[in-house]
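First comes the structure, then the notes that go with it.
The values are calculated or read from the model by the stated rules, or taken from the named source; none is laboratory data. Keep in mind that this is a model prediction, so the values were computed, not measured. Counting neighbours? That spans all protein chains shown, and the Cβs are built from the backbone with ideal geometry, glycine included. To get the accessible areas, we keep the full protein, side chains included, count just its heavy atoms, and leave off ligands, DNA and RNA. Shrake-Rupley method; radii C 1.70, N 1.55, O 1.52, S 1.80 Å.
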Amino acid sequence: MAMLRHSLELPVADDPAAADRDRARLRQLGYKQELKRGLSVVSNFAFSFSVVSVLTGVTATYNTGLRYGGPVSMTLGWLVMAAFNGCVALSMAEICSAYPTSGGLYYWSAKLAGKDWAPLASWITGWFNIVGQWAATTSIDFALAQLVQVIILLGTGGLNGGGYMASKYVVLAIYGAVLIIDGLINSLPIQWLALFCHLGSFFNVAGIFTLVTLILAVGKDDRASVNFIFTHFNTDNGMGIHDKIYILSVGLLMSQYSVVGYDASAHMTEETKNADWSAPMGIITSVALSSLFGWIYLVALTSIMTDIPYLLNPQNDAGGYAIAQSLYNTFHRRYGSGVGGLVCLGIIATATFLCGIGCITSNSRMGYAFSRDGAMPFSRVWYRVNKQEVPFNVVWLSVAVAFVMALTSLGSEVAFQAMLSVATIGQYVAYGLPIFFRVTTARKSFIPGSFNLGNFGVIIGWVAVAWVALVTVLFSLPVAYPIAVDNFNYTPVAVGGVLLLSVGGWVLHARFWFKGPISNVDA
């Protein structure tokens with residue numbers, strides 16, 4: 001399908017002409033070059049791929065997929081997600097090529113919504129994006145803290161063998177330590193930070209390859225059948241939900257959560273060479289490879305998930321952490337020791353740590369751009385770069401907000417999980433809004449960049465918008481019946497709160513002064 005229009009004479013990454021072209025394009029969009037532009041197309045891809053990190057996303061949410069539908073909702077549901085999510089990525093890539101700025105989504109909305117609606121569209125998109133990113137950082141680093149706790153639990157004998165079960169305060173302390181390390185690494189110059197993101201990309205691929213190989217080799221004696229992996233439907237969810245379509249819909253959320261965060265490529269455009277081509281390629285390639293490797297990892301994992309009720313039982317040695325219990329059992333049955341399973345969990349933990357670094361990076365660049373346009377409280381504080389051309393202040397703002405968000409874990413676990421759903425919904429709403437404006441108000445006026453979808457752009461855009469709308473509804477559905485305080489899905493409340501605060505802030509205050517993206521280029 002001939003969807004790409006791009007000159008074959010693309011300047012190489014180190015060509016001064018390319019740097020001048022990037023700088024000139026950024027000035028056309030209203031901004032002067034302030035961040036160091038040192039990332040190649042591979043580095044840009046690496047940031048998104050390490051942030052998406054299917055090794056992290058699948059592991060953190062596997063219990064949800066296993067409980068709601070089981071193997072069929074994950075292995076086949078993943079393919080459904082990949083197809084529709086691919087449409088979202090393609091549409092975002094096309095818009096990113098036209099407007100390569102660190103502001104990304106909120107800047108796109110301002111340019112595509114039309115003059116009258118630009119400020120409001122930009123404001124709403126920006127706040128959904130940044131709150132979603134803060135929640136994503138929280139969910140990923142907190143998932144790492146929980147995984148570390150499970151590794152310690154199994155390594156000291158397990159829940160039923162006198163193992164150490166960390167309290168919620170200890171888990172929060174581990175989480176805080178991880179955040180601080182993330183902040184320190186993100187305070188380094190972009191060249192060093194790029195190395196960590198390259199390492200994150202490598203570790204995702206190498207980690208999946210290693211885990212899949214070990215699972216197939218060690219678990220060959222008690223592996224599930226192909227029929228089980230692709231057709232077994234788990235209705236024993238213990239949540240009072242029996243309708244199969246409903247169960248599949250809820251189970252699909254595991255797949256959707258696992259492939260999110262690829263707007264990182266857009267937020268790194270002002271630090272990327274040949275940004276109008278490199279960033280779109282970063283978005284598309286990260287989603288395509290994440291979808292492929294994620295499915296391979298899912299299939300391998302599901303092949304050792306033969307006793308679903310036991311693996312989900314909170315009284316097992318891993319406290320109901322299905323992947324941890326299954327990997328531990330697989331090695332223990334084969335060798336009489338579960339150490340190999342702990343090593344596998346260590347690989348996952350390392351990938352999750354590297355993913356958290358990338359999340360802070362993307363989050364800080366979004367915060368930097370949003371502050372540059374005066375949209376955040378105390379914008380002058382956050383819109384500063386240090387001598388290494390790093391937005392140092394907003395890096396630590398991202399760390400601080402993520403820690404505050406995790407304090408809800410000390411209260412209601414249900415409310416905390418709902419808050420984490422904002423990580424997915426917040427970002428996908430922010431993804432969907434500029435695409436919606438692209439196919440409606442800007443349908444005829446949109447001027448594509450180096451990458452464009454040609455005549456397929458509007459069709460793919462509408463599919464993307466429909467998928468974002470559906471995902472938003474699915475994440476808001478009740479996850480248990482009868483509905484009670486301890487199982488109520490607070491996601492609509494959390495998302496509604498973001499919407500209410502952003503719209504309320506607009507009506508009461510921002511509409512009088514916020515005009516959308518502000519040019520900082522001297523006349």
> Which whole-Hz ³J(HN,Hα) couplings does the range 111-128 yield from phi under the Karplus relation 6.51 cos²θ - 1.76 cosθ + 1.60, θ = phi - 60°, glycine and proline marked x?
Replying inline: 7, 9, 7, x, 4, 5, 9, 4, x, 5, 4, 5, 4, 5, 4, x, 6, 5
> Between Ser445 and Leu292, how many nm apart are label points set 7 Å from Cα along the C-beta direction?
Replying inline: 4.0
> So who's got an amide H within less than 5 Å of the one on Leu39, skipping anything under 5 residues away but keeping other chains? H placed 1.01 Å off N, in plane.
Replying inline: Thr272, Lys273
>> Given bins 5 angstrom wide, list per bin the percent of all Cα-Cα distances in the range 418-523, short to long.
In response: 2, 10, 14, 15, 16, 15, 13, 8, 4, 2, 1, 0, 0
> Of all trypsin sites (Lys or Arg not before Pro) in the range 61-117, which ones are in loop regions per DSSP and have a Cβ with at most 15 other Cβ atoms within 10 Å?
Replying inline: Lys115
> Which Cα, out of Phe353, Gly496, Val439, lies furthest along the positive dipole direction of the chain (beta carbon charges, K/R +1, D/E -1)?
Replying inline: Val439
> Given a 1.4 Å probe and the protein chains all in place, what does the accessible area of Arg365 round to, in Å² to the nearest 10?
Replying inline: 0
> Could you state the number of Å between the C-alpha centres of the range 353-411 and the range 254-303?
Replying inline: 21
> Among the listed pairs Lys115/Lys444; Lys111/Lys444; Lys273/Lys444, which are separated by more than 23 Å between their Cα atoms?
Replying inline: Lys273/Lys444
>> So the label point goes 7 Å from the Cα of Gln191 along Cα→C-beta, right? Which residues of the range 32-75 then have their backbone N under 16 Å from it?
In response: 36-40, 43
> What is the set of long-range amide H partners of Gly69 at a cut-off below 5 Å, with H atoms built 1.01 Å from backbone N?
Replying inline: Asn234
>> Heavy atoms only, 1.4 Å probe, whole protein assembly: order Val150, Val385 by accessible area, highest first.
In response: Val385, Val150
> aspartates and glutamates within cross-link reach of Lys515: Cα-Cα under 19 Å, excluding same-chain residues under 8 positions apart?
Replying inline: Asp116, Asp373
> Each residue of the range 481-486 in order: what ³J(HN,Hα) in whole Hz does its phi give by Karplus 6.51 cos²θ - 1.76 cosθ + 1.60, θ = phi - 60°, with x for Gly and Pro?
Replying inline: 9, x, 6, 9, 4, 7
>> Taking the Cα of His509, stepping 7 Å toward and past its beta carbon, and measuring to each backbone N in the range 85-123: which are under 17 Å?
In response: 120, 123
> Could you work out the helix-only [θ] at 222 nm for the chain, with each DSSP H run of four or more residues adding -39,500 (n - 2.57) and the total divided by the number of residues, to the nearest 500 deg cm²/dmol?
Replying inline: -22500 deg cm²/dmol
> For the residue pair Thr210 and Val339, what label-to-label distance in nm results when each label sits 7 Å from Cα along the Cα-to-beta-carbon direction?
Replying inline: 1.6
> Can you work out ³J(HN,Hα) from phi for every residue in the range 384-391, in order, using Karplus 6.51 cos²θ - 1.76 cosθ + 1.60 and θ = phi - 60°, giving whole Hz and x for Gly and Pro?
Replying inline: 9, 10, 8, 5, 8, 6, 10, x
>> Ordering Glu270, Glu389 by accessible area with a probe of 1.4 Å, largest first, what comes out?
In response: Glu389, Glu270
> Given (i) 53, 26, 18; (ii) 38, 24, 23; (iii) 37, 27, 23 as candidate values of semi-axes √(5λ) of the Cα gyration tensor in Å, which corresponds to the one derived from the coordinates?
Replying inline: (ii)
> What ranking do 289-295, 49-55, 320-326 get when scored by the average of other Cβ atoms within 10 Å per residue, highest first?
Replying inline: 49-55, 320-326, 289-295
> For the range 40-512, what is the accessible area per residue in Å² when the probe is 1.4 Å?
Replying inline: 35
